[in-house]
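A.B. asks: Sharing a structure here in structure tokens format.
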Amino acid sequence: MRLQKIHFFAFTVLFGCSKTEVNDAIIKDLDLLPNQALIIINNSTDSPISIDLLDSGWNQSIDGWLTSYKEIDTLALKLNRSTRISIHSLVRFQETRFVSPGDTLTVNLSSSVMQVESTDRLNAQKLIKERSETLLETDSLYNLFIRADSSMAMRGSNDLSLFLSIPVFGDKSLVKSNPALLDELVNRLIDQLEMIPASLTEINNPELEAIQSLKYEINREEAFIRLRLLTSQLNRPEILDKIFSSNLYKTDEFIKGPFAYGYLVFFIKNYVLQGMEDRSRNQAYVDYKLAYDKLPNTLEGELLKTAQEICLEKMLEYGESQIIVGKYLNKFLAEHKDSAFVESFENRFLLAYKEQIKATVDLVLMSNSGAMLSLSELVKEATDSTQLFYID
């Protein structure tokens with residue numbers, strides 16, 4: 001199954017109404033939009049308000065955020081299931097909420113506070129945030145080994161968001177004095193990483209099933225991140241071996257989850273390519289051609305197919321020529337027989353790439369009279385002419 005980026009659409013601006021009237025009008029229309037969540041914005045600052053769908057399932061950069069620059073605005077998220085969003089501004093730190101189709105969120109932003117209220121008709125916020133006794137015990141163990149130092153927090157920002165970076169440190173002395181405790185923690189986190197969602201079919205409510213599934217995926221990603229931090233902060237590379245040998249990379253079960261892209265990119269860079277990067281260029285270069293060729297030795301089925309789709313995108317990201325990417329795209333088609341993906345890939349990337357190349361490689365020339373002519377126009381003109389052109 002391919003992973004796809006979810007797209008957002010803004011809609012409905014009601015003119016000549018007060019904030020209260022606008023909000024009331026939207027809420028009355030809510031029943032007409034069962035597959036959407038509404039975000040009502042009241043913004044008294046100069047900062048934009050941006051929405052990041054954290055569980056979009058594909059490579060989600062700041063360019064994919066939905067952003068409003070208006071004082072009063074209404075945005076619609078097209079959703080098929082409950083998901084997690086992060087609300088950003090340049091005056092207050094981000095807020096994270098869980099939303100479901102049919103929900104309405106109201107965001108009130110002032111210079112002193114960001115206030116977020118939600119109808120949360122399925123009670124997703126509470127259901128997902130609740131932690132089992134087992135997870136609470138794992139939390140306690142993890143906090144013994146990895147500690148955040150809020151006294152060294154650094155405030156930062158980008159074009160759309162204000163954020164706080166808090167450094168973390170690993171307690172290596174505890175590893176030396178009690179290695180069995182670390183083993184217990186790692187085993188708990190591997191169990192959390194490999195957890196298969198329990199069925200809620202007796203409830204007969206697909207929406208609650210979706211919330212339960214999302215909760216498992218968020219807990220899985222948490223375990224993945226924690227295992228990586230334990231690896232780096234405690235200098236325990238053997239933990240990576242446990243991640244790579246887990247069922248995360250043995251079954252297609254998790255390829256449907258919202259965080260599969262991150263799992264696979266990490267696997268490609270750190271297992272398939274063993275962390276190899278060429279830093280002799282202006283930008284670090286990762287050889288995703290080599291990764292594409294080596295992947296059949298480590299993955300199979302939908303996992304292999306999706307990982308190779310990622311490699312194709314990454315080839316373009318790391319500056320591979322269109323000829324090389326086209327060669328690998330033909331190889332992908334021959335191996336996986338997925339013409340729909342190939343067509344989609346060409347439309348999304350190669351057509352725009354061709355236009356970009358065409359626009360950037362042309363040379364503009366000036367004649368003695370001051371007339372401007374591109375090199376491609378000159379060549380085209382020369383084919384129908386016996387004139388000689390001298391270019392200095």
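Yes/no matrix, rows are residues, columns are (1) surrounded by 11 or more Cβ atoms within 10 Å (Cβ to Cβ); (2) over 30 Å from Gln36 (Cβ atoms); (3) of a type in the set (Gly, Ala, Ser); (4) not assigned by TED's automatic domain parsing to the domain that holds Ile87:
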residue: Asp120; (1), (2), (3), (4): yes, no, no, no
residue: Glu137; (1), (2), (3), (4): yes, yes, no, yes
residue: Phe145; (1), (2), (3), (4): yes, yes, no, yes
residue: Ala180; (1), (2), (3), (4): no, yes, yes, yes
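A.B. asks: Quick one: is Thr74 farther than 27 Å from Glu207 by Cβ and either in a strand (DSSP E or B) or without any contact (Cβ under 8 Å) to a residue 12 or more places away in the chain (or both)?
C.D. replies: no
A.B. asks: If you take the residues in the range 156-190 that are in contact with an Asp or Glu (Cβ under 9 Å, 6 or more places away or on another chain) and in a strand (DSSP E or B), which one is nearest to Ser86 (Cα to Cα)?
C.D. replies: Taking the candidates together, the pick is Val168.
A.B. asks: Being touching a helix residue (DSSP H, G or I) at 6+ places or on another chain (Cβ under 8 Å), among the small types (Gly, Ala, Ser), buried (at least 17 other Cβ atoms within 10 Å of the Cβ) and within 28 Å of Pro258 (Cβ to Cβ): is that true of Ala124 here?
C.D. replies: Spelling it out, Ala124 is indeed touching a helix residue (DSSP H, G or I) at 6+ places or on another chain (Cβ under 8 Å), among the small types (Gly, Ala, Ser), buried (at least 17 other Cβ atoms within 10 Å of the Cβ) and within 28 Å of Pro258 (Cβ to Cβ).
A.B. asks: Moving on. Answer yes or no: is there a residue in the range 140-155 that is charged (D, E, K, R) and in a strand (DSSP E or B).
C.D. replies: Scanning the range 140-155, I find at least one residue that is charged (D, E, K, R) and in a strand (DSSP E or B), so the answer is yes.
A.B. asks: Here's another thing I want to ask about it. Please pick out the residue among Lys176, Lys172 that is among the charged types (D, E, K, R) and touching a residue at least 60 places away in the same chain (Cβ under 8 Å).
C.D. replies: Unique residue meeting the criteria: Lys172.
A.B. asks: Can you tell which of Leu295, Leu316 is in contact with a helix residue (DSSP H, G or I) (Cβ under 6 Å, 6 or more places away or on another chain) and closer than 23 Å to Leu240 by Cα?
C.D. replies: On the way: Leu316 fails: closer than 23 Å to Leu240 by Cα.
Being in contact with a helix residue (DSSP H, G or I) (Cβ under 6 Å, 6 or more places away or on another chain) and closer than 23 Å to Leu240 by Cα holds for just one of Leu295, Leu316, which is Leu295.
A.B. asks: Residues of the range 200-248 being within 19 Å of the chain's Cα centre (by Cα) and among the hydroxyl-bearing types (Ser, Thr, Tyr), which ones?
C.D. replies: Ser213, Tyr216
The values are calculated or read from the model by the stated rules, or taken from the named source; none is laboratory data. What you see is a predicted model; the values in this text were computed from it and never measured. Note that we place each Cβ from the backbone using ideal geometry, even for glycine, and neighbour counts take in every protein chain shown.
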